[in-house]
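Asker: Pasting a structure below so you can have a look.
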Amino acid sequence: MENLHLDPTQNTPLINCDSKTNSITIEGESRPENVRAFYANLFEWLDNFEKLIYYAVSLSANEKQIELNFKLEYFNSSSLKVFMEIIDKLKKIEKGSDKIKLVINWYYEEDDEDILDSGKEFEKMTGASMNFISN
């Protein structure tokens, strides 16, 4: 399976999805004009990744960890809705096997309380446990 890499722009974040390390990173600013169109490639990648990780755990006794990293400077409400869908999708994948564990990391600059508070609010909204990591 190919990895997905999208370079950041002024309005869109860097997206890096790696099927070998089972990691997904969204970094920068997320305020695309058409949020659905921008994140469509990520959802397609996740659909393929779901099949791959289930296949991988069926062949192994070892647990697989999926790591979702948010390293955001700014995001709009439309992006927030998409982030919730990404987490829902990954939680569904995690529930599909007792050998899959989802880890969500929310990075923030030490002096950026807005992003930290947004992450904590986001954690409450999704019901997903997050690690808050100060840079």
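The values are calculated or read from the model by the stated rules, or taken from the named source; none is laboratory data. None of the values given here were measured: they were computed from a predicted structure. Backbone-built Cβ (ideal geometry, glycine too); neighbour counts: all protein chains shown.
Asker: Quick check on my filter: what residues within segment 35-64 are over 16 Å from the mean Cα position of the chain (by Cα), among the aliphatic types (A, V, I, L, M) and within 17 Å of Met1 (Cβ to Cβ)?
Answerer: Correct list: Leu52, Ala56, Val57, Leu59.
Asker: When you look at Glu94, is it of a type outside the set (Val, Ile, Thr), under 20 Å from Met130 (Cα atoms) and in contact (Cβ under 8 Å) with a residue 12 or more places away in the chain, yes or no?
Answerer: Working: of a type outside the set (Val, Ile, Thr): yes; under 20 Å from Met130 (Cα atoms): yes; in contact (Cβ under 8 Å) with a residue 12 or more places away in the chain: yes.
Taking the combined requirement at face value, the residue satisfies it.
Asker: So, in segment 55-78, exactly how many residues are surrounded by fewer than 16 Cβ atoms within 10 Å (Cβ to Cβ), in contact with a Ser or Thr (Cβ under 9 Å, 6 or more places away or on another chain) and hydroxyl-bearing (Ser, Thr, Tyr)?
Answerer: Here the count works out to 2.
Asker: Within the set of pairs 6 or more residues apart or between chains, which connect a residue that is more than 19 Å from Phe83 (Cβ to Cβ) and in contact (Cβ under 8 Å) with a residue 24 or more places away in the chain inside segment 1-17 to a residue that is part of a loop (DSSP other than H, G, I, E, B) and of a type outside the set (A, V, I, L, M) with Cβ atoms less than 7 Å apart?
Answerer: As it stands, the answer is Met1/Ser19, since those pairs meet every condition given.
Asker: I've got another one for you. In segment 14-34, which residue that is more than 15 Å from the chain's Cα centre (by Cα) and more than 21 Å from Lys99 (Cα to Cα) is modelled with the lowest pLDDT?
Answerer: Glu33
Asker: Oh, and also: Please work out which residue is farthest from Leu116 (Cα to Cα), limiting yourself to segment 42-82 and to residues that are in contact with a helix residue (DSSP H, G or I) (Cβ under 9 Å, 6 or more places away or on another chain) and basic (Lys, Arg).
Answerer: My answer is Lys64.
For (1) under 15 Å from the mean Cα position of the chain (by Cα); (2) crowded, with 19+ Cβ neighbours inside 10 Å; (3) in a helix (DSSP H, G or I), each residue gets a yes or a no:
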| residue | (1), (2), (3) |
| --- | --- |
| Leu80 | yes, no, yes |
| Asp88 | yes, no, yes |
| Lys101 | yes, no, no |
| Ile104 | yes, yes, no |
| Leu116 | no, no, yes |
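Asker: Now for a separate question. Report yes if Met84 is assigned to a loop (DSSP other than H, G, I, E, B) and either of a type in the set (Ser, Thr, Tyr) or in contact (Cβ under 8 Å) with a residue 12 or more places away in the chain (or both), otherwise no.
Answerer: Values: assigned to a loop (DSSP other than H, G, I, E, B): no; either of a type in the set (Ser, Thr, Tyr) or in contact (Cβ under 8 Å) with a residue 12 or more places away in the chain (or both): yes.
In short, no.
Asker: Working only within segment 7-49, note down all residues that are surrounded by fewer than 16 Cβ atoms within 10 Å (Cβ to Cβ) and in a helix (DSSP H, G or I).
Answerer: Within segment 7-49, Arg36, Ala37, Ala40, Asn41, Phe43, Glu44, Asp47, Asn48 meet the criteria.
Asker: Is it the case that segment 50-58 has a residue that's assigned to a loop (DSSP other than H, G, I, E, B) and modelled with pLDDT under 95?
Answerer: From segment 50-58, those assigned to a loop (DSSP other than H, G, I, E, B) are none; that's our starting set.
Scanning segment 50-58, I find no residue that is assigned to a loop (DSSP other than H, G, I, E, B) and modelled with pLDDT under 95, so the answer is no.
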